[in-house]
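Everything on this sheet refers to the single structure shown next.
Derivation of every value follows stated rules applied to the coordinates shown; laboratory data play no part. All values derive from a computational prediction rather than experimental measurement. Glycine gets a Cβ as well: all are built from the backbone with ideal geometry, and neighbour counts include every protein chain shown.
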Amino acid sequence: MIKHIVFWRFAESADGHTREENINRVTMSLLALKGTIPELLEIEVGRDFNGSAAAFDLSLYTVFASKKDLETYQVHPEHEKVKALVGAVTTDRGVVDYEN
């Protein structure tokens, strides 16, 4: 199984919305991918409650059967739409991909 984990920090305001609104917009857009992209086996989106300087605002946890399935997900048109939104409203990103 392939695990794909992403973390983002959000701008205070961007794309005509507040930080809070954008976190909600991205969360809903990511969760809407479930059932839309067959290769996406599991998806979980989590909002940070810690608030420390080291924390990211939002995390994405996804599971795929293979590296090929992750690659297919990355270029899927629906995922591309979400990536465009995320790129417009975030300031920082971290990612980890691993197999287990």
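Each row is one residue, and each column tells you yes or no for (1) exposed (fewer than 14 other Cβ atoms within 10 Å of the Cβ); (2) in contact with a Ser or Thr (Cβ under 8 Å, 6 or more places away or on another chain); (3) not in a helix (DSSP H, G or I).
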{"residue": "T36", "(1), (2), (3)": "yes, no, yes"}
{"residue": "G46", "(1), (2), (3)": "yes, yes, yes"}
{"residue": "F56", "(1), (2), (3)": "no, no, yes"}
{"residue": "L60", "(1), (2), (3)": "no, no, yes"}
{"residue": "Y73", "(1), (2), (3)": "no, yes, no"}
{"residue": "G87", "(1), (2), (3)": "yes, no, no"}
{"residue": "R93", "(1), (2), (3)": "yes, no, yes"}
{"residue": "D97", "(1), (2), (3)": "yes, no, yes"}
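Loosely packed, with under 14 Cβ neighbours inside 10 Å, among the charged types (D, E, K, R) and in contact with a strand residue (DSSP E or B) (Cβ under 9 Å, 6 or more places away or on another chain): does that describe K67?
When the stated conditions are applied, K67 passes them.
For the stretch 75-96, enumerate the residues that are out of contact with any strand residue (DSSP E or B) (no Cβ under 8 Å at 6 or more places or on another chain) and within 14 Å of V6 (Cβ to Cβ).
Those that are out of contact with any strand residue (DSSP E or B) (no Cβ under 8 Å at 6 or more places or on another chain) and within 14 Å of V6 (Cβ to Cβ): H79, V82, K83, L85, G87.
Could you list all residues from the stretch 20-59 that are without any contact (Cβ under 8 Å) to a residue 12 or more places away in the chain, among the charged types (D, E, K, R) and either in contact with an Asp or Glu (Cβ under 7 Å, 6 or more places away or on another chain) or under 22 Å from Q74 (Cα atoms) (or both)?
K34, D48
Quick test of your reading of the structure: A11 fulfils all but one of (1) in contact (Cβ under 8 Å) with a residue 40 or more places away in the chain; (2) within 21 Å of V96 (Cα to Cα); (3) touching a Ser or Thr at 6+ places or on another chain (Cβ under 7 Å). Name the failing condition by number.
(2)
Condition first: within 11 Å of the chain's Cα centre (by Cα) and either of a type in the set (G, A, S) or exposed (fewer than 13 other Cβ atoms within 10 Å of the Cβ) (or both). Now tell me which residues in the stretch 5-30 satisfy that.
M28, S29
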